[in-house]
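This report concerns only the one structure given below.
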Amino acid sequence: MTSAPRHSGVLFGAAYYAEYQQAGTLDRDLDLMVEAGFTVIRVGESVWSTWEPREGEFDLDWLQPVLDGAHARGIAVVLGTPTYAVPPWLQVRHPEIAAERTTGVRAGWGARQEMDQSHPAYRFYAERVVRKVVERYAQHPAVIGWQVDNEPGNERPRNDQVFDRFVAWLQRRYGTVERLNEEWGLVYWSHRLTEWSQLWRPDGNVQPQYDLEWRRFQGELADELIAWQADVVREYARDDQFVTTCISYSRPQVADERLVESLDVTAGNPYYKMQDGLTLGVEVPREAGWWHTGVWALQQWGDRAFSSAQAPFLVTETNAQSIGGPWQNHPPFDGQIKQAALALVSRGARMVEYWHWHTLHFGVETYWGGVLPHSQRPGRIHREVAALGATLKAVGGAVDGLEPDADVLMLWSTETKWSFETYPPLALPDGGPDPESYLHLFDAHYRGLAEAGVQVRIQHVAQFLAADPAESAATHPVLVVPALYVVDDATLAALTAYAEAGGHLVIGIRTAYGDELARARRDPAPARLSGPAGVWYEEYTNLDAPLAVHVADAGAAERTDDTTAGGAGAVPDAATDPASPADAPFVLEPGSAGTRWADVLHVEDATVVLRAAPTEIGADAMLTTRASGAGRVSYVATVPNPELSRSIARWLVPATAASAWAATETVTVTTGSRAGAPGLAFVSNWSAHEGTVTTPSAVRDLETREVVAAGTTLTLAPRAAHVYELVDADAS
């Protein structure tokens, strides 16, 4: 990344497709956007066949009235390159660019991104249209930024040229087939190679080392695509224009921390279920893997977007109303549009754009609701969006330089996610493999933290390694590692050093079990962390039913370690051990249980905090802790259900912003810090009923400008959301 967008406050708008509208609607649409407080629109990314209707014949002028009209009204523009949806003439001229999802079988046309975007023929035509579009509009004063491609990484093609590149990639990586045989363990099932031409295609592969390297290679194809387009765009773009792409984090090729390296700012597309999907205390199951359910999941998306570059981000698409198929209709309750947007702003969003302005009358996304309904008449959604626009205008530049606060650091591993998609540790209810095991393991810990009011910062493994462990421990005194299966020795050493330097390291199942090639380690598990944790295991079990847990007795019978006061196994005492959790008793929510998995821990030099009822296989210690150097290592030996996860979260972080504000149970409080300026607090009541907070200090409502004294109890209306600035006591 080179630089962030140069604007103050939060850009606000929607994707706008005049080419999908009837003639004569442009001025009306733009005027209604002004009424809604729009400051930005995104255009142009979906219509290559409009830009280039026939091979080599370009129509570049059709967008001019849109840009001119937007600029005249003070609305900025992000212009997208149209390379994710190829025109029919290119499909006919070069059918070989179609992605082969099975070797030798080309994908059919009629959707989008059904091509091999690394194919030389595709690249030739894509580069040509990009150059034409960007050269035509780079100097237009409305254009503030460029989106290259759109939601990249949709395919993992198996075309001949892709496989040939994969073999060459392996040759550079391993040098000889002998080394590949050794590293991949190809003696197994008689897979030893004598020459590179014998490497089999990925279609029938079941070898995990092959699979992981194939995924890494595919990820690099997505990185290359975006970096290549970004370089082309920058040949024409002005210095004050940013370059980005919009990320769908579930796309199979995407390793987001690498994908954004060639870009100026992260941008992405969160979609979420509204209505009870954004009601605290109501459980709504996720119906599709690419969109989110629950307030915690919306917050998690924001934290994931921030994690890509450890910097603020742009929201290029999100819900205006119902999103999905014609059977998925959950338009927002009054207030939820504002709530969701401010939740994303609180976690780092510096642009909020809806997909999209008007609801389509044709195509597969006919029922993806826009700001305007099918009737094109502004109604309730337009009013809700306009109310948010007024709020963002009032907040203005107060968010400039805002960094979301974080009580806990969580470690994310894309490579473990990839490995678990094919070789998952968790089972589905029918006994089959759960390809979303990593997401479920990560979510199990994140959800409890978020629902307990704990604010989270997510880091990728490479980002964690780039920092000094002592600095990480000082900045983030608690580090949760939910399931780090694919991990090298350097990362394990850094985790140990983090705890030694004073951090509280919390380890989840499958962490440190595999190495950088997903090979099972020979060390006692968790490898290289068993000593600092004071526990080890050799057996583990899937759980067919939840395993209730209880707080372990504080007496010596609960420990097999040194029970001398102050020794390594002593009960943590926050008064003498600053790295330990609070010295208050562990408070366990009713219904707390381990689910889906349990490690059969041998406790050698640790305190057992939580136990399960004895099982025949011996899995009973569910949470242990041990002092390690100046810090502490705790081990969670199961997948916590929400009740258990929240209980652990409160043990790890007993004081949160929500507790400081005495927030009622349906109210969240998210805070952020600004260098040289007072902090901000985003307060939202995710309920159809009133909630309350009590101000811990004097605050100013940035929308009404009202100053409220410290200790004032505020009543929050149903679905209300506010942004407060901390002020000096005498200002009240």
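Read the figures in this text as sums done on the coordinates, not as results from a lab. These numbers come from a predicted model, not from an experiment. Backbone-built Cβ (ideal geometry, glycine too); neighbour counts: all protein chains shown.
Details
- Eligible aspartates and glutamates near K273 by straight Cα distance, threshold 15 Å, same-chain separation 8 or greater: E283, E287, E317, D334
- Largest first, the extents of the alpha carbon coordinates of segment 233-302 on the three principal axes equal 50, 25, 14 Å.
- Across all Cα atoms of the chain, the radius of gyration (one decimal) and Dmax (whole number) stand at 26.6, 83 Å.
- The gain in end-to-end length when the H191 to A72 segment is fully stretched comes to 36.2 nm, 0.36 nm per residue minus the alpha carbon separation.
- Here the translational diffusion coefficient of segment 408-654 follows from Stokes-Einstein with Rh set to the Kirkwood radius across Cα pairs; for 25 °C and 0.890 mPa s it amounts to 139 µm²/s.
- Cα-based shape type of segment 191-335, given that a ≥ b ≥ c are square roots of the gyration tensor eigenvalues and the cut on a/c is 1.5: oblate
- Dipole magnitude (debye, nearest 20) for the chain, charges at Cβ of Lys, Arg, Asp, Glu: 1120 debye
- Listed by chain and number, the lysines whose C-alpha is less than 21 Å from the C-alpha of K393, apart from same-chain residues fewer than 8 away, are K338.
- Whole-number Å³ per residue for the convex hull built on Cα positions in segment 602-721: 156 Å³
- Rg and Dmax, both from the Cα atoms of segment 658-731 and both in Å, are 11.6, 37.
- For segment 11-398, size of Cβ-based charge dipole, Lys and Arg +1, Asp and Glu -1, in debye: 500 debye
- Both the radius of gyration and Dmax for segment 466-559 are 15.0, 42 Å, in that order, over alpha-carbon atoms.
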